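**Student:** Quick one: the structure is below, and I'll ask about it shortly.
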Amino acid sequence: MVLLLAVNMVTRAGFSLKQLKMWGIIRQKVAAGGGSPVARIRPVVSNLRNYSSAVKQMMVREALNSALDEEMSADPKVFLMGEEVGEYQGAYKISKGLLEKYGPERVLDTPITEAGFTGIGVGAAYYGLKPVVEFMTFNFSMQAIDHIINSAAKSNYMSSGQISVPIVFRGPNGAAAGVGAQHSHCYAAWYASVPGLKVLSPYSSEDARGLLKAAIRDPDPVVFLENELLYGESFPVSAEVLDSSFCLPIGKAKIEREGKDVTITAFSKIVGLSLKAAEILAKEGISAEVINLRSIRPLDRSTINASVRKTNRLVTVEEGFPQHGVGAEICASVIEESFSYLDAPVERIAGADVPMPYAANLERMAVPQVEDIVRAAKRACYRSVPMAAAA
Amino acid sequence: MATAYSSAKFVQPLSLNSTINGRSRDNSLFDPLKTGTSFLGSTRKLRVNSVHSNQGNVRRRLPVVAVSEVVKEKKLITKQEGLELYEDMILGRSFEDMCAQMYYRGKMFGFVHLYNGQEAVSTGFIKLLKKEDSVVSTYRDHVHALSKGVPARAVMSELFGKATGCCRGQGGSMHMFSKEHNLLGGFAFIGEGIPVATGAAFTSKYRREVLKEADCDHVTLAFFGDGTCNNGQFFECLNMAALWKLPIVFVVENNLWAIGMSHLRATSDPQIYKKGPAFGMPGFHVDGMDVLKVREVAKEAIERARRGEGPTLVECETYRFRGHSLADPDELRDPAEKARYAARDPITALKKYLIESSLASEAELKAIEKKIDEVVEDAVEFADESAPPPRSQLLENVFADPKGFGIGPDGRYRCEDPKFTEGTAHV
């Protein structure tokens with residue numbers, strides 16, 4: 001009854017039935033906040049649709065493509081711009097098929113002018129359009145960082161709420177395979193230090209779909225850091241994820257694996273490595289809790305702290321440079337808020353403090369590997385084995 | 001490459017200071033491909049054969065013009081328009097003078113950049129706009145805000161840092177935003193406003209073509225200086241605006257100085273209007289100390305954009321009577337140069353024109369000046385008496401979404417759901 005009333009009201013408010021179905025009638029079951037370690041949000045499907053219970057495998061690339069597709073079809077104000085997003089079908093094929101479907105006015109191939117087209121996106125967002133600006137890699141966003149920070153992030157504050165900027169900046173971030181120093185920088189810490197920006201970093205297909213949809217619908221500038229090496233990976237997705245109104249909350253981390261001995265926080269590709277490390281640790285009797293941050297800004301301090309209060313040990317892992325990194329912020333936050341719960345010093349694993357080398361073996365050493373995470377966890381548990389020799 | 005240009009006729013562009021001698025009034029057309037408006041001043045056309053022969057040998061004739069003189073016999077403005085222009089320029093001047101006074105009394109602080117001497121550009125262009133058209137400016141934006149319609153009280157309060165300012169004190173002198181009047185800032189970095197303006201023009205075109213709002217013909221004006229014309233973003237946007245035929249006018253306020261750097265020392269080719277045709281749009285040079293000339297050029301450029309014919313680059317030769325900012329000692333500029341331009345003060349020029357062509361009497365103009373004095377005094381009083389922003393305002397407006405947790409599937413902010421956590425920011 002309430003459902004029908006809601007549908008009625010919303011339809012009368014001018015939304016089409018399609019939009020209505022999109023924003024749907026999905027109830028959320030939210031766990032109690034605060035100290036519960038299971039801070040998981042699970043959308044629950046209403047009785048309007050029946051889903052098969054078969055679990056599908058979806059590549060991250062497909063997840064991103066489908067999210068863009070659905071958001072563009074739901075809202076005509078959403079448009080995509082970037083280099084090679086149109087006729088080339090996307091530099092990493094994320095925007096495959098979108099040009100044919102939506103036309104060149106909504107999928108814009110831009111000239112190679114990051115500063116220019118990012119600014120154009122911001123200007124369009126000032127007026128209520130919802131641009132999705134794709135950077136071929138986030139390294140190129142450095143040419144446009146003035147617009148991301150000064151015209152997008154700060155505008156809502158400077159104009160005192162008059163002008164909001166509903167824009168999404170997305171693209172691959174961090175190290176790929178053998179692409180050298182200028183193409184491997186991780187920008188999570190850079191953008192996450194700016195008030196006014198939301199910074200998201202998905203890991204699985206479910207994250208990719210949910211977070212990108214949330215980002216596009218969001219009224220604020222969002223920096224969406226993907227990972228090139230994850231594009232081709234497949235993850236199982238449930239039926240709720242495939243629904244067109246699925247979106248994840250911003251600012252909430254996900255506990256990928258529960259444990260009770262040590263907390264490992266990670267985002268993006270490193271979550272995969274952390275899960276593998278947790279498997280290895282489990283065999284040695286250490287039960288690791290792996291937290292997928294999902295959102296770097298706002299950082300889900302409550303989930304992290306709740307987890308540390310349970311396990312009493314922390315290992316933060318990230319791919320970027322160690323100084324002033326995401327791990328530094330998490331460690332500071334835990335020390336400030338849960339100091340008396342810590343049984344061991346916090347451990348920080350980050351990429352090596354050097355520009356990314358090219359040689360394959362050096363590159364492997366410059367990025368955290370599963371063994372590094374295992375070793376750090378053992379150190380935190382005071383069960384470390386001294387390292388035999390430098391690798 | 002040489003063969004493609006062999007049939008082109010290159011014409012030397014006219015020199016900058018050719019405003020004094022009269023030129024024969026050609027009946028040349030603004031845009032040769034479209035009939036209609038005859039344009040004042042002489043034109044010389046640069047004929048360029050399109051290099052992209054694979055698109056069917058399109059011939060585009062892009063005039064590179066220098067508007068020289070306003071013909072005095074023709075009545076360009078009505079009395080009402082004349083008084084409106086005069087009032088707007090006087091408002092700009094008095095306001096800026098009052099800003100200087102307030103700054104030296106300590107009521108205003110930080111970086112304040114004054115617009116004295118350049119009023120003709122602001123008035124000439126912005127008074128032709130509708131409310132829905134947008135203006136993007138630089139840090140020298142007080143007068144742009146006033147011309148666009150932001151009340152003097154709101155601007156003065158913003159400068160004093162009070163909660164009644166147009167941005168509630170959160171923006172300041174360099175960041176004037178007004179959604180109601182479509183003033184999109186106020187950018188401190190030079191060149192930063194140009195892509196944002198191009199984006200606003202893009203939105204206008206997108207609305208018309210994709211969202212099918214057929215009557216959306218909003219034009220955007222981007223104001224920036226001579227120094228900005230050496231910045232990469234300027235060229236990037238000239239390219240994209242011409243490529244996508246966006247309804248924008250790029251207005252260069254060439255006051256010859258970028259803080260202490262003379263335009264001639266910083267630029268390989270100081271004639272900025274020539275850079276327009278390189279990207280496929282007409283480039284105009286106009287005497288920016290004469291509001292009537294600026295207005296004529298502005299009319300054409302804005303109408304062109306409204307018709308959907310694309311961008312225009314207009315270079316206004318103007319001058320700032322004060323230093324770059326109130327903290328600038330202004331030692332590098334030659335006093336003789338300053339005196340020369342002071343003699344061409346746009347307000348005195350308009351006053352002279354109005355009186356000589358009997359459009360207004362001395363008494364009427366004095367009455368306007370008195371009225372504006374009162375408006376500015378009232379603005380100062382209002383700003384003085386206003387309260388500074390409350391402490392709770394510090395953390396407001398960082399996100400449009402109150403706590404930053406995004407929008408849920410029901411379309412409402414997630415933080416409004418009582419079962420969600422309260423969020424991370426607190427005072």
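The values are calculated or read from the model by the stated rules, or taken from the named source; none is laboratory data. These numbers come from a predicted model, not from an experiment. Here the Cβ positions follow ideal geometry from the backbone for every residue, glycine too, while neighbour counts run over all protein chains shown. Side chains included, ligands, DNA and RNA excluded: accessible areas come from the protein's heavy atoms. Shrake-Rupley method; radii C 1.70, N 1.55, O 1.52, S 1.80 Å.
**Student:** How many percent of the accessible area of segment B:93-252 is carbon or sulfur, using a 1.4 Å probe?
**Tutor:** Using a 1.4 Å probe with all protein chains present, segment B:93-252 comes out at 52 percent carbon and sulfur.
**Student:** With unit charges on the beta carbons (Lys and Arg positive, Asp and Glu negative) and the dipole taken about the Cα centre of segment B:79-385, which residue among B:129, B:276, B:327 sits farthest to the positive side?
**Tutor:** Positive-most Cα among the choices belongs to B:276.
**Student:** Before I look further, what does segment B:338-427 give for accessible area per residue, probe 1.4 Å, in whole square angstrom?
**Tutor:** That works out to 58 Å² per residue.
**Student:** Ordered by packing density, taken as the mean number of other Cβ atoms within 10 Å over each peptide's residues, highest first, how do B:366-375, B:136-145 rank?
**Tutor:** My ranking of the peptides, most packed first, is B:136-145, B:366-375.
**Student:** Moving to a separate point now. Please calculate the 1.4 Å probe accessible area of residue B:384, with all protein chains present, and give it to the nearest 10 Å².
**Tutor:** That residue has around 70 Å² of solvent-accessible surface.
**Student:** While we're here: Pull up all non-local amide H partners of residue A:82: gap of 5 or more, or a different chain, and H-to-H distance under 5 Å with H placed in the peptide plane.
**Tutor:** The answer is A:108, A:110, A:134.
**Student:** If you take every residue apart from residue B:321 with its C-beta less than 12 Å away from the C-beta of residue B:321, what net charge results, scoring Lys and Arg +1 and Asp and Glu -1?
**Tutor:** Details: positive: B:93, B:320, B:322, B:333, B:338, B:340, B:344; negative: B:96, B:97, B:119, B:330, B:337, B:345.
Result for the local shell: +1.
**Student:** Right, next: Can you pull out the buried accessible area for chains B and A, both sides counted, probe 1.4 Å, rounded to the nearest 100 Å²?
**Tutor:** Chains B and A together bury roughly 4900 Å² of accessible area.
**Student:** Something else now. From the phi angles alone, apply the Karplus equation (6.51, -1.76, 1.60; θ = phi - 60°) to segment B:168-182 and give each ³J(HN,Hα) in whole Hz, x where the residue is Gly or Pro.
**Tutor:** After applying 6.51 cos²θ - 1.76 cosθ + 1.60, I find 6, x, 8, x, x, 4, 8, 10, 8, 10, 8, 5, 5, 9, 6 Hz.
**Student:** List the residues of segment A:281-317 for which accessible area in the full set of protein chains is at least 30 Å² lower than for the chain on its own; 1.4 Å probe, protein heavy atoms only.
**Tutor:** Residues of segment A:281-317 that lose at least 30 Å² of accessible area once the other chains are added: A:298.
**Student:** Something else: Determine the principal axes of the Cα atoms in segment B:79-385, then give the extent along each, sorted from largest to smallest and rounded to whole angstroms.
**Tutor:** Extents along the principal axes, in whole Å: 48, 44, 43.
**Student:** Still on this structure, I have one more. Quick check for me: using +1 on Lys/Arg Cβ and -1 on Asp/Glu Cβ, what's the dipole size of segment B:320-427 about its Cα centre, in debye to the nearest 20?
**Tutor:** The dipole magnitude comes to about 400 debye.
**Student:** Here is a further query. Using only protein heavy atoms and a 1.4 Å probe, report how much of residue B:417 is accessible, in Å² to the nearest 10.
**Tutor:** Surface accessible to solvent at residue B:417 totals approximately 50 Å².
**Student:** Which residues, if any, in segment B:364-400 have at least 10 Å² less accessible area in the whole protein complex than in the isolated chain, probe 1.4 Å?
**Tutor:** B:394, B:397, B:398, B:399, B:400
**Student:** Using a 1.4 Å probe and ignoring any ligands, DNA or RNA, find the accessible area of residue A:59 and quote it in Å² to the nearest 10.
**Tutor:** 60 Å²
**Student:** Shifting gears a bit: Give the long-range amide H neighbours of residue A:187: residues separated by 5 or more places, or on another chain, with amide H under 5 Å away, using H modelled in the peptide plane at 1.01 Å from N.
**Tutor:** Counting only residues 5 or more places away or on other chains, the set is A:174.
**Student:** Using a probe of 1.4 angstrom, how much of the accessible area of segment B:315-416 is carbon and sulfur, in percent?
**Tutor:** Exposed carbon and sulfur together represent 56 percent of the surface.
**Student:** Below 9 angstrom from the Cβ of residue A:278, what's the summed charge of the other residues (Lys, Arg +1; Asp, Glu -1)?
**Tutor:** Every neighbour counted, the sum reads -1.
**Student:** Name the residues of segment B:150-183 whose accessible area, probed at 1.4 Å, falls by at least 40 Å² once all protein chains are in place instead of their chain on its own?
**Tutor:** Flagged in segment B:150-183: B:170, B:177, B:179.
**Student:** Using amide H atoms built 1.01 Å from N in the peptide plane, name the residues 5+ places from residue A:265, or on other chains, whose amide H lies under 5 Å from its own.
**Tutor:** Answer set, sorted by chain and number: A:291, A:315, A:316, A:317.
**Student:** Which distance in Å, rounded to a whole number, links the C-alpha centroids of segment A:290-323 and segment B:344-423?
**Tutor:** 43 Å
**Student:** Now for a separate question. Counting Lys +1, Arg +1, Asp -1, Glu -1, what net charge surrounds residue A:340 among other residues with beta carbon under 15 Å of its beta carbon?
**Tutor:** 0
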